[in-house]
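This report concerns only the one structure given below.
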Amino acid sequence: MYRYPVTSRILLAIDCIIFGFDGKDIKLLLVKRNLEPEMGKWSLMGGFLREDEDLEVGAGRIIYDLTGLKNIYVEQLETFGKVKRDPAERTVSVVFFALIQIEEHDSEAVKSHNASWISLDQLPGLIFDHDDMVSRAIEHLRYKAALHPIGFELLPELFTIPQLQKLYEAIYNTPLDRRNFSRKLLSTGLLIDTGCKNSNSTTKKATLYKLDTIRYKEKFHAFWNFMPDSMKPVKI
């Protein structure tokens, strides 16, 4: 087999930014690094791409290893390739971000990797350029959530309008008008009224909804405009 006449080695890594929502805060799943350099410091979950796998397959493998979850929302975000980004060796990193439902993840797998869920407003300093990766992922999450219904990926199968509002308030770190938000969400036709009430709700047993998955898939790339125009981040 012919091989290109390369004279240097460059490693290709995958770093995964995993977001979850606990009903109050948006959280990020971070691990304590178990190798040098920067052993013991907080890091994104990552690994090196294997020779026999595509990028998306590699990202899925890394996320599954940490969370035990498959078939979740995963999106390639950006490539980070500054020469000095990894002090150990020349390494280019392709960054993916994922949205998962916290209650469904494998807590034993998380524990085995010495990982923890940490709120965005309490994030520690991360190794290498991982802080920059997270900042870009938060920007992208806010941009996408304003225009597309990806927020539903963070919710359980059944949810209330107040729970959905808390999610969007957590994403944007700002309060939203209850009536306007509820009216806008119901007008999309994405929600199915289950006819049941949430007995644990503080809002007089709020109605439980579920996502119309068929309409969600068909209209995912439509522009829904969930947030007021003044709050929509500009894509960079």
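Which residues, taken from the range 118-131, are within 14 Å of Leu28 (Cα to Cα) and open to solvent by 50 Å² or more (accessible area, probe 1.4 Å)? Even if it seems obvious, please write down each step before you answer.
Taking the range 118-131 as the starting set, the residues that turn out to be within 14 Å of Leu28 (Cα to Cα) are 118-126, 130-131.
Asp121, Gln122, Leu123, Gly125, Asp131, listed by residue number.
So in the range 189-202, with the set limited to residues that are assigned to a loop (DSSP other than H, G, I, E, B) and either modelled with pLDDT of 90 or more or among the aliphatic types (A, V, I, L, M) (or both), which one is least open to solvent (accessible area, probe 1.4 Å)? Step through it out loud before you land on a result.
Of the residues in the range 189-202, the ones assigned to a loop (DSSP other than H, G, I, E, B) are 189-190, 198-202.
Next, only the ones that are either modelled with pLDDT of 90 or more or among the aliphatic types (A, V, I, L, M) (or both) stay: 189-190.
Working: Gly189: 34, Leu190: 0 Å².
Checking each candidate, the answer is Leu190.
Consider Leu35 carefully, then state whether it is aliphatic (A, V, I, L, M) and outside any strand (DSSP E or B). Walk me through it before giving the result.
On the way: aliphatic (A, V, I, L, M): yes; outside any strand (DSSP E or B): yes.
Against the criterion (aliphatic (A, V, I, L, M) and outside any strand (DSSP E or B)), Leu35 qualifies.
In the set Gly60, Gly40, which member is free of Cβ contacts under 8 Å to residues at least 24 places away in the same chain, in contact with a strand residue (DSSP E or B) (Cβ under 8 Å, 6 or more places away or on another chain) and in a loop (DSSP other than H, G, I, E, B)?
Working: Gly60 fails: in a loop (DSSP other than H, G, I, E, B).
Within the list Gly60, Gly40, the selection yields Gly40.
Could you grab me the full set of residues in the range 80-114 that are assigned to a loop (DSSP other than H, G, I, E, B) and within 18 Å of Leu49 (Cβ to Cβ)?
Of the residues in the range 80-114, the ones assigned to a loop (DSSP other than H, G, I, E, B) are 81-90, 100-101, 105-106, 113-114.
Correct list: Gly81, Arg85, Asp86, Ala88, Glu89, Arg90.
Just checking, how many residues over the range 1-22 are of a type in the set (Val, Ile, Thr), under 31 Å from the mean Cα position of the chain (by Cα) and either surrounded by fewer than 23 Cβ atoms within 10 Å (Cβ to Cβ) or not in a strand (DSSP E or B) (or both)? Spell out the reasoning first.
Of all residues in the range 1-22, those of a type in the set (Val, Ile, Thr) come to 6-7, 10, 14, 17-18.
Now restrict to residues that are under 31 Å from the mean Cα position of the chain (by Cα): 10, 14, 17-18.
When the remaining residues are screened for being either surrounded by fewer than 23 Cβ atoms within 10 Å (Cβ to Cβ) or not in a strand (DSSP E or B) (or both), the result is 10.
Of the residues in the range 1-22, 1 are of a type in the set (Val, Ile, Thr), under 31 Å from the mean Cα position of the chain (by Cα) and either surrounded by fewer than 23 Cβ atoms within 10 Å (Cβ to Cβ) or not in a strand (DSSP E or B) (or both).
For the range 115-140, which positions are β-branched (Val, Ile, Thr) and assigned to a strand (DSSP E or B)? If you could, list the steps in order and put the result at the bottom.
Step one: filter the range 115-140 for residues β-branched (Val, Ile, Thr), giving 118, 127, 134, 138.
Scanning the range 115-140 gives a single hit, Ile118.
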Inset, instruction - Go through the residues of the range 169-182 one by one and say whether even a single one is over 18 Å from Leu147 (Cβ atoms), free of Cβ contacts under 8 Å to residues at least 60 places away in the same chain and hydrophobic (A, V, I, L, M, F, W, C). - result: no
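The values are calculated or read from the model by the stated rules, or taken from the named source; none is laboratory data. As the structure is a computational prediction, the values presented were derived from the model and not from experiment. Cβ: placed from backbone, ideal geometry, glycine included. Neighbour counts: every protein chain shown. What goes into the accessible areas is simple: the full protein's heavy atoms, side chains included, and nothing from ligands, DNA or RNA. Shrake-Rupley method; radii C 1.70, N 1.55, O 1.52, S 1.80 Å.
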